[in-house]
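Each value in this text was obtained by applying a stated rule to the coordinates, not by laboratory testing. All values derive from a computational prediction rather than experimental measurement. Please note: Cβ atoms are built from the backbone with ideal geometry, for glycine as well, and neighbour counts cover all protein chains shown.
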Amino acid sequence: MHYDYYHLNAWVTEIYGRKEFTIFAAPREECFYPVPEETWMSGVENAFDPDYEKYPLFREVVTSKVVLEPGDTIFVPNGTWHSARSLDVTLSIAFDQLTEQNMSSFVSDVFTRRKARRPVVGAALAAYLTGLGAALSVKERLLDGK
């Protein structure tokens, strides 16, 4: 169980076979027991048969399942906890999307990951991406006529 890395929106289209997506929702992030160094991953060992004594907050999590058939597409908004498993041999196409709405979370994730290894590079990359996000936002507004 995870949410997509760098807070990207995900579009997944099933080409061949069937794939089951489980979407997890909870009133607060702590219910997922995020892994400290990899906060986009859950520490819950088996989300489908959880140990509620070890993970009591996971009782608050609500799940929804959907099975993609060939030709189906699912949109998974950034920050949405989910899991996917193939029910057959599958072929899927996935597309990650960065928009004005998730740009600040994306920049924060990039900075957090880079600063641990190379702080100066992380800060420079975050500044560059912030500027790029502002430029893209202006471009989108101009194209939309706003």
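In table form, for the structure just shown:
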| quantity | calculated |
| --- | --- |
| Any hit, the stretch 19-26, residues being over 19 Å from the mean Cα position of the chain (by Cα) and more than 30 Å from residue 107 (Cα to Cα) | no |
| Residue list for the stretch 1-32, filter: free of Cβ contacts under 8 Å to residues at least 60 places away in the same chain and out of contact with any strand residue (DSSP E or B) (no Cβ under 6 Å at 6 or more places or on another chain) | 26, 27, 28, 29, 30, 31 |
| Of the criteria (1) of a type in the set (Ser, Thr, Tyr); (2) surrounded by 14 or more Cβ atoms within 10 Å (Cβ to Cβ); (3) over 30 Å from residue 132 (Cβ atoms); (4) out of contact with any Ser or Thr (no Cβ under 6 Å at 6 or more places or on another chain), which one residue 22 fails | (4) |
| Identity of the residue in the stretch 41-75, crowded, with 16+ Cβ neighbours inside 10 Å and among the aromatic types (Phe, Trp, Tyr), that ends up farthest from residue 91 (Cα to Cα) | 55 |
| Among (1) part of a loop (DSSP other than H, G, I, E, B); (2) without any contact (Cβ under 8 Å) to a residue 24 or more places away in the chain, the one test that residue 47 misses | (2) |
| Hits in the stretch 85-101 - residues which are among the hydrophobic types (A, V, I, L, M, F, W, C) and part of a loop (DSSP other than H, G, I, E, B) | 87, 89, 98 |
| Residue among 80, 90 that is closer than 29 Å to residue 132 by Cα, of a type in the set (Val, Ile, Thr), in contact with a strand residue (DSSP E or B) (Cβ under 7 Å, 6 or more places away or on another chain) and surrounded by fewer than 18 Cβ atoms within 10 Å (Cβ to Cβ) | 80 |
| Positions within the stretch 34-44 being within 18 Å of residue 78 (Cα to Cα) and touching a residue at least 12 places away in the same chain (Cβ under 8 Å), in sequence order | 40, 41, 42 |
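For every residue, the table says whether it meets (1) under 18 Å from the mean Cα position of the chain (by Cα); (2) closer than 26 Å to residue 117 by Cβ; (3) of a type in the set (Ser, Thr, Tyr).
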{"site": "12", "(1), (2), (3)": "yes, no, no"}
{"site": "17", "(1), (2), (3)": "no, no, no"}
{"site": "44", "(1), (2), (3)": "yes, no, no"}
{"site": "52", "(1), (2), (3)": "no, no, yes"}
{"site": "64", "(1), (2), (3)": "yes, no, yes"}
{"site": "76", "(1), (2), (3)": "yes, no, no"}
{"site": "86", "(1), (2), (3)": "no, no, yes"}
